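Undergrad: What follows is a structure written as structure tokens; I'll ask about it next.
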Amino acid sequence: MRSTRASTLAVATVAAGLMAGGITAGVTDVFIGDKPSDTIANAAAEQAKDPSQAQGETAANGAATLPAVKGLQFTLGERSVKLSWKKVRGADGYRVYADYSCDNTPRSTSTYLLIKNYAGETSWTHQNIQQTCVNYAVVALRDGVEGARPPLGERVVIGMANRDHNSAARKFFTTAPGSGDQVARTSVVPGQDRGIVLARAYIRNNTAFTDAIGDHRSWTADPTASAKITLAWNTGTGQVAAYAHKSCAIGATVPGGSIETLCRDALPLAFVNGAAGVGDASTDPRNLISVSRTASGGLSVGVSAMNSWERNCIGKKCVGPGFGRINGSLTLAPHKKTFTASLTADRFPAWEIIRYPHFVQGAPLGEARVIGTRDQTEISDLTSGRQSTCTSKGDETLQFTNRLAC
């Protein structure tokens, strides 16, 4: 709006003429332009009806606009983004604008494309996105008129299926076990999709002896890596699997893999109650697992697993090397997007607790997040009764190890 004050002479002349006619002058500004002189009064009246307009800007017709949308948040899916935001008082809908750019220099939202003309609620899901990055801006509407638009948008790197999540799902929930291995499957109540979590006890090749009887590897986040016993949990579907690898008396780590001989098929797996309390003196010829959901939405796991060479039986008489059972209990508790871990177990063998998110951002590669690791001591600690209690001490990492605090 353009205004000016008339010259002193003009004002005096007008005032004199009004007073001569017996009328008191109530206006001292004369507005020049194409806007009606009562614009300010009308805008004030509209603002009085809806005080939230006071936070907005001034539209071309002089009326206050709706304020900018606040609290924009994103939830990633498979090539989709759910947008949610705070309600704007006085708005009867929203428009969503987007720019498909990964440029380091942000672009003005004035150049963004309209991708959703009218969203009646405070959320909307953008689906089937083929680009890598999307910059979003949401604008409030009233009677088809837009409120304030932010100068810059907010960027999202699009989520794609995590290759490692897919590998873990195939190995533990859909395919037959490898030769000589055993798998057993059950389910718990599904919950928030935090990916697939693996908790596995494996014999690390830190000596020639442990390499010979163990898994012929060191720390790795590979979801298909060998372990004496693995518990897999798909947090979104509630699927749970226990997987036991075969036991070999002689083996070695060699370039390009490992060699093994004198192998025996893994013992059968069974889901039971109180598996962690099954002692080394038990004559149960199975790998025992217990699982249950916790009140916080996590998972409680119990393990009592056994090397198949422990069961050399002739009739009712069974003998073996006396290594003992792998006993332990693990509790996973929700924490942000992941879990904290508390492990009480024999100090041999080593443990890895790894999470594979369902979706990764920006690249179709694998992603593994290590919640915690605990190294092994000596094999005699399988039967010593000296268990350790270890807890995760920080955030999960992208490294192969993330030592638990014991």
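Undergrad: Please list the equivalent ellipsoid semi-axes of segment 73-159, computed as the square roots of five times the alpha-carbon gyration tensor eigenvalues, in descending order and whole angstrom.
TA: Values: eigenvalues 91, 47, 19 Å².
They are 21, 15, 10 Å, listed from largest to smallest.
Undergrad: Right, here's the next one. Relative contact order of segment 73-159: what whole-number percent is it, with Cα pairs under 8 angstrom and at least 6 residues apart?
TA: After rounding, I find 38 percent.
Undergrad: Go from 0 up to the bin containing the longest alpha carbon distance in segment 274-396, width 10 Å each, and give me the % of pairs per bin.
TA: It works out to 12, 36, 30, 16, 6, 1, in whole percents.
Undergrad: How long are the semi-axes of the ellipsoid equivalent to segment 139-182, from square roots of 5 times the Cα gyration tensor eigenvalues, in whole Å, largest first?
TA: 51, 12, 5
Undergrad: Counting pairs of Cα atoms in segment 162-391, how many percent are more than 25 Å apart?
TA: Cα-Cα pairs of segment 162-391 separated by over 25 Å account for 37 percent.
Undergrad: Please state, as a whole number in µm²/s, the translational diffusion coefficient that the Stokes-Einstein equation yields for segment 199-319 at 20 °C and 1.002 mPa s, with Rh defined as the Kirkwood radius across alpha carbon pairs.
TA: D = 136 µm²/s.
Undergrad: Using the number of other C-beta atoms within 10 angstrom as an exposure proxy, rank Met306, Met160 with the fewest first.
TA: Lowest to highest Cβ neighbour count: Met160, Met306.
Undergrad: Further question: Under the rule of at least 5 residues apart or a separate chain, name every residue whose amide H is placed under 5 Å from the amide H of Arg217.
TA: When sequence neighbours closer than 5 places are left aside, the close amide H contacts are Asn205.
Undergrad: Next up: May I ask you to evaluate 6.51 cos²θ - 1.76 cosθ + 1.60, the Karplus curve with θ = phi - 60°, for each residue of segment 335-347 and list the ³J(HN,Hα) values in order in whole Hz, giving x for glycine and proline?
TA: 8, 6, 8, 10, 9, 9, 10, 10, 10, 10, 7, 3, 7
Undergrad: Let me ask you something else. Where does the charge balance sit around Asn234 when Lys and Arg score +1, Asp and Glu -1, over other residues with C-beta under 14 Å from its C-beta? The partial results should precede the final answer.
TA: Working: positive: Arg170, Lys171, Arg185, Arg194, Arg293, Arg355; negative: Asp164, Asp193.
Once all neighbours under 14 Å are counted, the net charge is +4.
Undergrad: Using the Karplus curve 6.51 cos²θ - 1.76 cosθ + 1.60 with θ = phi - 60°, what ³J(HN,Hα) values do you get for each residue of segment 292-297, in whole Hz, with x for Gly and Pro?
TA: Whole-Hz 3J(HN,Hα) from phi for segment 292-297: 7, 6, 9, 4, 7, x.
Each reported figure results from applying straightforward, stated rules to the coordinates on display, with no laboratory input. Just so it is clear, the structure is predicted and the values come from calculations on it, not from any experiment. With ideal geometry, Cβ positions are generated from the backbone for all residues, glycine too; neighbour counts draw on all protein chains shown.
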